[in-house]
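The block underneath contains the structure these notes are about, expressed in structure tokens.
The values are calculated or read from the model by the stated rules, or taken from the named source; none is laboratory data. In this text the structure is predicted, and so the values were computed from the model without any measurement. Backbone-built Cβ (ideal geometry, glycine too); neighbour counts: all protein chains shown.
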Amino acid sequence: MKQSENSLSVKRVSASAEPMAPGIRQNPEIAKLVDISRCIGCKACEVACKAWNDLKAEETFNFGSYQSHQDLSADTWLLMRFNEIELNGDIHWLIKKDACLHCEEPGCLYACPSPGAIVQYENGIVDFNQENCIGCQYCVAGCPFNIPRFNKETRKVYKCNLCIDRVESGLEPACVKTCPTQAISYGTKEDMHFLANEKLKVLSERGYDKALIYDPEGVGGTHMMYVVPHGDQLAAYHLPEHPEAMRGAMSALGLFKQIGAYMFGAGLLATALHFLAVGPDRPDDEQGGSR
Amino acid sequence: MKRTELQRFTYAQRVVHWVVGLSFLLLLFTGLAFSYPSLFWLTALVGGGPAARAIHPVAGFVFSAGLVFMFFMWVKDMFISKTDIEWAKAIKAYASHDRANVPPTGKYNAGQKSFFWVQIVLGAVLLLTGIPLWAPAWGGKDFSGDFLNLMRFLHYLAALGGGLFLIIHVYLGTVAYPGTLIGMINGRVSQGWAKLHHPLWAKEKTGS
């Protein structure tokens, strides 16, 4: 089973037992921090994502928004979602960087039935290995953020891999490198939390008293976090208020499956015991004669 | 005793029975692989994970279509009668081969009739819950994750029920009651078999 083409330590593997050996190395968690208040909506990150990951361009059209595409796809792993809302009599432009959040408790991985198709690394990256993907799309149902996308031609699922090939070589993800306003930062999760708190202080001085850090507990925290200026408008940002990792998990069905397996075994055992107790009921004109 | 045979199943009935039976086994093995990571190796039987994922829903449609034929071919014999209730009360005697205390049955007994109805209902549940699981994005519209997870749960429960009934069905049809399996292969059973298991039907067929 090919799990990775890189040197990162593995933390969890889909449909497999928990990691084989404890890590000897220290593996600091990394994270991206998206400061929505600094985003100017230029979409350079979308372009950088396409360029680095060799994703083909998709034709789009004007549907009355500054948004480039209507939705994520197997070839569009990053989409800046634009939403105009009225707040206290003013128009506000809410922008959300829509891409995989790399959950600490990945709902996609827990839902995946194929060994090795989804791998979580010690540094927090959750990556899809398409060579092991069977195309069932359980991960799509298991993701609380609606991120993975199915490609009908390859019959595999794709999403942002946090530029794992860059990160492994000590580089920042492509979207981070290209951002002209430094709205996206990258570093250890600890540093990003520190930075996020600094940004919150600045925002509250500017009057954004509802601002918050989006790092939801229901999925154990994420490795892409947001500084959200209008923290009371999460729904308008398309950010779920209480995302949960376990809703589609194999283990959420686990108890039933365990009971089911025992019932199946008990059924086989019962027929065997029944046969030993009473034997066959043979008609007297069948081979073997009367019972 | 001289072996004479009675016609029990038509050619069409036998074909439908085996289409349903073999497609169910295929579905059971691939479905188990999707449900239990420790049984994922079962996908190797059909050529690997992606093949199993591709075959499972197609086999599901074959199975469902077979069930529809099965329903119309057998339903007229499957209505529950008063004798069936008495038969069900004597289930203990039936299970210990104590035929003297089991009310005589016609072409099918209450056990067979309930197996028929249970499989029809479970088959319908499997089909209805299976369609969204086959294509989570049907006609460009996505089903919600919570809905799909509920479908998976119901799909699993129905499959479990079908699997449990299958154990009993196969056990009784093979080792427990010799002479039964051949009836589903060449369509004929021996007169002795008919007298033992379905005495009223045997009387009706032989006119004695």
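Does at least one position in the range A:88-100 carry a residue that is within 14 Å of another protein chain (Cβ to nearest Cβ) and buried (at least 21 other Cβ atoms within 10 Å of the Cβ)? There is no residue in the range A:88-100 that is within 14 Å of another protein chain (Cβ to nearest Cβ) and buried (at least 21 other Cβ atoms within 10 Å of the Cβ).
Yes or no: the range A:11-23 includes at least one residue that is within 23 Å of A:Leu171 (Cα to Cα), surrounded by fewer than 17 Cβ atoms within 10 Å (Cβ to Cβ) and modelled with pLDDT under 90. Yes, the conditions are met somewhere in the range A:11-23. Would a scan of the range B:112-121 turn up a residue that is among the hydrophobic types (A, V, I, L, M, F, W, C), in contact (Cβ under 8 Å) with a residue 40 or more places away in the chain and either within 10 Å of chain A (Cβ to nearest Cβ) or not in a helix (DSSP H, G or I) (or both)? No - not one qualifying residue is present in the range B:112-121.
For (1) away from chain A (no Cβ under 12 Å); (2) in contact (Cβ under 8 Å) with a residue 12 or more places away in the chain; (3) of a type in the set (Lys, Arg), each residue gets a yes or a no:
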residue: B:Ala100; (1), (2), (3): yes, no, no
residue: B:Pro103; (1), (2), (3): yes, yes, no
residue: B:Lys107; (1), (2), (3): yes, yes, yes
residue: B:Pro136; (1), (2), (3): no, yes, no
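When A:Asp35, A:Asp75 are screened for being surrounded by 11 or more Cβ atoms within 10 Å (Cβ to Cβ), more than 25 Å from A:Leu200 (Cα to Cα) and touching a residue at least 40 places away in the same chain (Cβ under 8 Å), only A:Asp75 passes. As an exercise: evaluate A:Asp209 against (1) at pLDDT below 95; (2) surrounded by 12 or more Cβ atoms within 10 Å (Cβ to Cβ); (3) more than 14 Å from chain B (Cβ to nearest Cβ) and give the number of the one condition it does not meet. The failed condition is (2). Here A:Gln120 meets each of (1) part of a loop (DSSP other than H, G, I, E, B); (2) crowded, with 22+ Cβ neighbours inside 10 Å; (3) of a type outside the set (Gly, Ala, Ser) with one exception, condition (1). Identify all residues within the range B:187-201 that are touching a residue at least 60 places away in the same chain (Cβ under 8 Å) and either more than 8 Å from chain A (Cβ to nearest Cβ) or in a helix (DSSP H, G or I) (or both); write none if there are none. Those that are touching a residue at least 60 places away in the same chain (Cβ under 8 Å) and either more than 8 Å from chain A (Cβ to nearest Cβ) or in a helix (DSSP H, G or I) (or both): B:Gly187, B:Arg188, B:Val189, B:Gln191, B:Gly192, B:Ala194, B:Leu196, B:His197, B:His198, B:Pro199, B:Leu200, B:Trp201.
Please work out if A:Leu200 is within 14 Å of another protein chain (Cβ to nearest Cβ), in a helix (DSSP H, G or I) and of a type in the set (A, V, I, L, M).
On the way: within 14 Å of another protein chain (Cβ to nearest Cβ): no; in a helix (DSSP H, G or I): yes; of a type in the set (A, V, I, L, M): yes.
Against the criterion (within 14 Å of another protein chain (Cβ to nearest Cβ), in a helix (DSSP H, G or I) and of a type in the set (A, V, I, L, M)), A:Leu200 does not qualify.
Report, by residue number, each residue of the range A:124-135 that is in contact (Cβ under 8 Å) with a residue 24 or more places away in the chain, in a loop (DSSP other than H, G, I, E, B) and buried (at least 23 other Cβ atoms within 10 Å of the Cβ).
The answer is A:Gly124, A:Ile125, A:Cys133.
Could you please let me know if A:Glu241 is away from every other protein chain (no Cβ under 14 Å) and over 24 Å from A:Leu72 (Cβ atoms)? Before the answer, list the steps.
On the way: away from every other protein chain (no Cβ under 14 Å): yes; over 24 Å from A:Leu72 (Cβ atoms): no.
Here the answer is no, as A:Glu241 does not meet what is asked.
Anything in the range B:82-106 that is among the hydrophobic types (A, V, I, L, M, F, W, C) and assigned to a loop (DSSP other than H, G, I, E, B)? List them, or say none. Scanning the range B:82-106 gives B:Ala90, B:Val102.
Quick check on the range B:141-151. Is at least one of its residues more than 10 Å from every other protein chain (Cβ to nearest Cβ), part of a helix (DSSP H, G or I) and in contact with a Lys or Arg (Cβ under 9 Å, 6 or more places away or on another chain)? Looking for residues that are more than 10 Å from every other protein chain (Cβ to nearest Cβ), part of a helix (DSSP H, G or I) and in contact with a Lys or Arg (Cβ under 9 Å, 6 or more places away or on another chain), one finds none in the range B:141-151, hence no.
For the range B:185-200, filtered to residues that are hydrophobic (A, V, I, L, M, F, W, C) and in contact with a helix residue (DSSP H, G or I) (Cβ under 6 Å, 6 or more places away or on another chain), the residue that is farthest from B:Gly21 (Cα to Cα) is B:Ala194. If a residue has to be more than 16 Å from the chain's Cα centre (by Cα) and without any contact (Cβ under 8 Å) to a residue 40 or more places away in the chain to count, how many in the range A:78-121 make the cut? The total comes to 6. A search for C-beta distances below 7 Å between a residue of the range B:162-182 that is within 7 Å of chain A (Cβ to nearest Cβ) and touching a residue at least 12 places away in the same chain (Cβ under 8 Å) and any residue that is aliphatic (A, V, I, L, M) and assigned to a helix (DSSP H, G or I), counting only pairs 6+ apart in sequence or on different chains, returns B:Gly163/B:Leu28.
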